[in-house]
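To start, the structure under review is shown below, and the notes come after it.
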Amino acid sequence: MTPPTEPSKREIRPEKVEVILATDCGSTTSKARFFKKLGNEYRFVASGEAPTTVEAPFEDVTLGVRNAIREVEELTGHKILNPDGIITPTKGEKEGVDLYVTTSSAGGGLQMMVAGVVKTMTAESAERAALGAGAIVMDVMAVDDGRRPHEKIVRIRYLRPDMILMAGGTDGGNVAHVVETAELIDAAKPRPRLGIEFELPIVFAGNKEARGAVEGILGKTFALNVVDNIRPVLEFENTDPARNVIHELFMEHVMSHAPGYDKLMKWTPIPIMPTPAAEGKMFRTIAETYNTNVIGVGLGGATTNVYSIYENKFVRTVSANLGMSYSICNVLKEAGTENIVRWVPFDCLEKDLRNRLYNKMIRPTTIPQTVEDLVVEHAVAREALRLGFEHHKLLARPLRGVQRRRTIADIFEQRAFEESYIDMLQVDWLAGTGGLLSHGPRRAQSALMLIDGFQPEGVTKLAQDSVFMMPHLGVLSTVHPRAAIEIFEKDCLVRIGVCIAPRGVGKEGDIMRVVVRMSDNSVLEEQVDFGSIKAISLEEGEKAEVEISPYRGGDVGRGPGRRRKVVVEGGVVGIILDARGRPLVLPDDDDMRKQKLIEWFKALDAYPQRLYEMCGE
Amino acid sequence: MSSQAYTPGLKRKAATLVRKTRRLPVQGEVLVKKGDAVNSDTIVARAFLSGDVEVVNVAGLLGIDPWETSRYLLKKEGDEVKEGEPIGMVKLFFGLFKTRAYAPVSGTIERISDVTGQVLIRESQVPLEVDAYIPGEVVETFPNEGVTIEIPAAFIQGIFGVGGERKGNLMMIAENPDEVLTPKQIGSKSKGRILVGGALVTNDALQKAIKTGVQGIVVGGIDDHDLTTFLGYKIGIAITGQEDIPLTLIVTEGFGEIAMSEKTFSLLEKFDDKPVSINGATQIRAGVMRPEIVIPRPELVKKKLADFRGKKDFLEQGLLPGTPVRIIRKPYFGALGVVSKLPVPLQTVETESDVRVLEAELANGKRVIVPRANVEIIEE
């Protein structure tokens, strides 16, 4: 089958592109971003947002896209829409665009089921590949997952995924178990979520010796695609072929059947990209540009996507049902009410908090108007980030089934190979995007949410997406890298500052000292008590040399208690000295906890005075 | 110019033309034709779902290698088997001992695998029937898939519900929209009915309703804790309708004790004791599927309603000065009013966010500024 719009990059002549429109059809909101070449560089001009309309009663994604674009038209006076779609190319100064691109996670995004033979080996590799392609993984099936065959059949039938990725066996290895999995899928006869008359796409990326048998079982009933083995040998994971074919099938089989996408696909000359895939592309850009380890997060309405580019390994996880609107109550369920309440500095009845969040769940497009509501949403966000990162670390770990020689150091440190390979002391950048992080009224709010959710250690640069445009730039970069990078650097990436946080816990009375030598050679000495946080102003673009003397036992990257000298870059918040300890533990006593939260919020000037008045300060 | 940047609103109409498309989840047979009159219980389409599959590890049971499976089977693919019937046998010591594998269920042998040594038995097909849900006329048929039924009716959407489609006669329990529905108000007369309460229903009242055989409850609010106790689990995302519960609950306003909107209450009051069809299914994505109460009004002339349908809905028009709205977020949660101004420039609200706002004139005459995202249009 040929996709309704073939990628036609040939038709796009980047040098002719002056006006660009990009949209993201999110699960909650459709966001339009309008870019223009101003002088010799591409810049962000305006944005518009409107509720997404992929589901009933509208069932046409383009309505929401049009509404979002109409907001841009109102704000800029630039005419973009005509009855057929987008006016392309530009006509004069105030009409049309030269390029329109879009991403989508609406209607539940790409929902996949994956299967392998061994849960911690091929099934885990398949999960990583699906997640890497920007999918939500609904279930991971394996021969050793503890479920009986008929239970798996019932489950597969119930799920109705958009696509199945099936792995299993190294090349030349086990065939029987791979065939067994194929037989179960065939017996379940799952139907695709969209379009009941279409064949469900299945990607087989397992033992090449099993291809014939798998084709025999699944080839007639399903749209079977065979690609190179995801684990040809145990020591090597080869996710790219599977990931690429998933992207093709996403367009061909999933997007083309979603309401209104047939129209949307005709509006854009390049394929619609899953939002997490586009978002991940921009986090990779940070890692490549600065040649560094990066952790990124996209905190959305339905999902939390975490990305790590660590020692050149790229892992993306999409935590379905950890989000700030539709799935806000799932965060409540997973984290527990007490874990959310712990981040709220005022008296808050658990019952009221829960009802408040349930009301957000049933009216997901509303936004906080009061500071009280804002703080409660930020409390939930911290827990969504924490849970999303925990999920991520389960997959960002060394390949299983590979024989390793344990060193003496491993034995002494009792290092387990099951643990994530991400060492927070080695993470140089922590960056966030998504409506809530990008729209935080003060950047210090996003800084605190990222720090509390991820607990960076040592010296970590903090950044965020200015107005949520990383997915837009991700898809734009596939056809116009120059525009994407220019806008990313100048208008998208907001440098919040740097977080200096020792690993380890001190005692009351312990002190972290820093000596900051500014670029004008002025010297500032600061000390922070254990349990406190402080910010030193250092503007975006400025650099300073910082000598850090952590509290006793605290490690900032040179070993416990040892000093470290480092050059840091500034940002809108500056240098954040976080001596609250790692792991960060909040006081058990309720009054002390609230007092500490207020102290931390005030130290970073994170919220308006109204909050402190509410708290009786 | 109107603005579309708002939360889609809830419908509350005394008279409209309700159309319901009834589709099978898989292809099947449509049992009625265009123009037929149906009642809410009429079966309009039927399909057969393939039966469950039982996997029998025959090679393991017989102690043979997988590739020998076919050789020792007593049945072939396509054969029917009865529960307990031998499907494979191995003779040992010149036939002195016999090891058998038995069918654990009745069904048809679907697959024999000489790779895995497994046999798949498919149980018989399960019939799946779709009823009309509402009475009315079949106005459209979709071959092998289903039909559309149309009836003039009053139509009210709730904000959240649990439980699927149910039918019964409406019964006003509350006298005022701010009353709390208590177990005492539910008696034997409530059996088979759809009860209308006020501001809150407690778990105790829900349990009494189940015991009494109530079909459904429509109420302003519920505490999340009571909902969790009622369902036996916490709801994480609002995709409902498939719960295995004996009654359907529809909440019109939200979570907590919230008086049912006066207009919704009085509209329901008008149809006390009339037959209704309700569905608690809620799917909160951007377009949203809300729970609904359909009160058929066959006495209305269809043609007039068809004319009425020609008018543009508020939902299609978007926000305009004069559009009736409900504020759905603090600090004015639940307040009703009309749009008085739609300023174009972004405005700073208490959180310090710069957002698109509207000015609403509330029922008490007070004018307030709220983010456009925090209102829903009330369609009447």
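Values in this text are rule-based calculations from the coordinates and carry no lab data. Just so it is clear, the structure is predicted and the values come from calculations on it, not from any experiment. Virtual Cβ from ideal backbone geometry, glycine too; neighbours counted across all protein chains shown.
Overview of values
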{"item": "Per-residue mean of C-beta atoms belonging to partner chains within 10 Å, peptide B:111-121", "result": "5"}
{"item": "For region B:159-290, alpha-carbon Rg relative to the globular expectation (2.2 N^0.38 Å, N residues)", "result": "0.94"}
{"item": "Per DSSP, loop trypsin sites (Lys or Arg not before Pro) in region A:60-97 with at most 13 further Cβ within 10 Å", "result": "A:LYS91, A:LYS94"}
{"item": "Value of relative contact order over chain A, rounded to a whole percent, pairs C-alpha under 8 Å and six or more apart", "result": "11 percent"}
{"item": "Inter-centroid distance (Cα atoms) of region A:290-349 relative to region A:531-545, Å", "result": "26 Å"}
{"item": "Relative contact order of region A:446-602, defined on C-alpha pairs under 8 angstrom at six or more residues apart (%)", "result": "25 percent"}
{"item": "R0 of 45 Å, Cβ-Cβ distance B:ASN169-A:LEU584: FRET efficiency to nearest 0.05", "result": "0.20"}
{"item": "Peptide B:342-352 - average C-beta neighbours from other chains (10 Å radius)", "result": "5"}
{"item": "Mean shadow area of region B:194-252 over all directions, Cα convex hull, nm²", "result": "3.8 nm²"}
{"item": "Modelled FRET efficiency - R0 45 Å, A:LYS94 with A:ASN244, Cβ distances, 0.05 increments", "result": "0.65"}
{"item": "Estimated distance in nm for a label pair at B:TRP67 and B:LYS189, the labels positioned 7 Å out from Cα along Cα-to-Cβ", "result": "7.9 nm"}
{"item": "Calculated log₁₀ intensity ratio I(q)/I(0) where the Debye formula runs over C-alpha points of region B:314-379, q = 0.27 Å⁻¹", "result": "-1.27"}
{"item": "Label-point separation, B:GLU137 to A:LEU81 (7 Å along Cα→Cβ), nm", "result": "3.5 nm"}
{"item": "Inter-label distance for A:LYS313 and A:GLU59, nm, one decimal - labels placed 7 Å from Cα along Cα-to-Cβ", "result": "4.6 nm"}
{"item": "Gain in span if fully extended, B:LYS76 to B:ASP272, counting 0.36 nm per residue against the direct Cα distance", "result": "64.4 nm"}
{"item": "Share antiparallel - DSSP beta bridges, chain A, percent rounded to 5", "result": "65 percent"}
{"item": "Column: log10 I(q)/I(0), Debye, Cα scatterers of region B:53-122, q = 0.16, 0.21, 0.23 Å⁻¹", "result": "-0.46, -0.77, -0.91"}
{"item": "Structure-based [θ]222 nm, chain A - -39500 (n - 2.57) summed over DSSP H runs of at least 4, per residue, nearest 500", "result": "-9500 deg cm²/dmol"}
{"item": "Ordering of B:247-256, A:365-374 by burial proxy (mean other Cβ atoms within 10 Å per residue, highest first)", "result": "B:247-256, A:365-374"}
{"item": "Cβ crowding within 10 Å averaged over residues, with B:54-60, B:90-96, B:26-32, A:503-509 ranked highest first", "result": "B:54-60, B:26-32, A:503-509, B:90-96"}
{"item": "Amide H partners (placed H, <5 Å) of A:SER319, local residues excluded", "result": "A:THR304, A:ASN305, A:VAL306"}
{"item": "Average beta carbon contacts from partner chains per residue of A:367-379, 10 Å cutoff", "result": "5"}
{"item": "Convex hull of Cα atoms in the protein assembly as shown, direction-averaged projection (nm²)", "result": "45.9 nm²"}
{"item": "Cα-derived Rg over Rh, computed across chain B with Rh taken as Kirkwood radius", "result": "1.14"}
{"item": "Region A:18-97: radius of gyration over Cα atoms, expressed as a fraction of 2.2 N^0.38 Å", "result": "1.10"}
{"item": "Sites A:MET518 and A:GLU215 - FRET efficiency at Förster radius 60 Å, r taken between beta-carbons, to 0.05", "result": "0.35"}
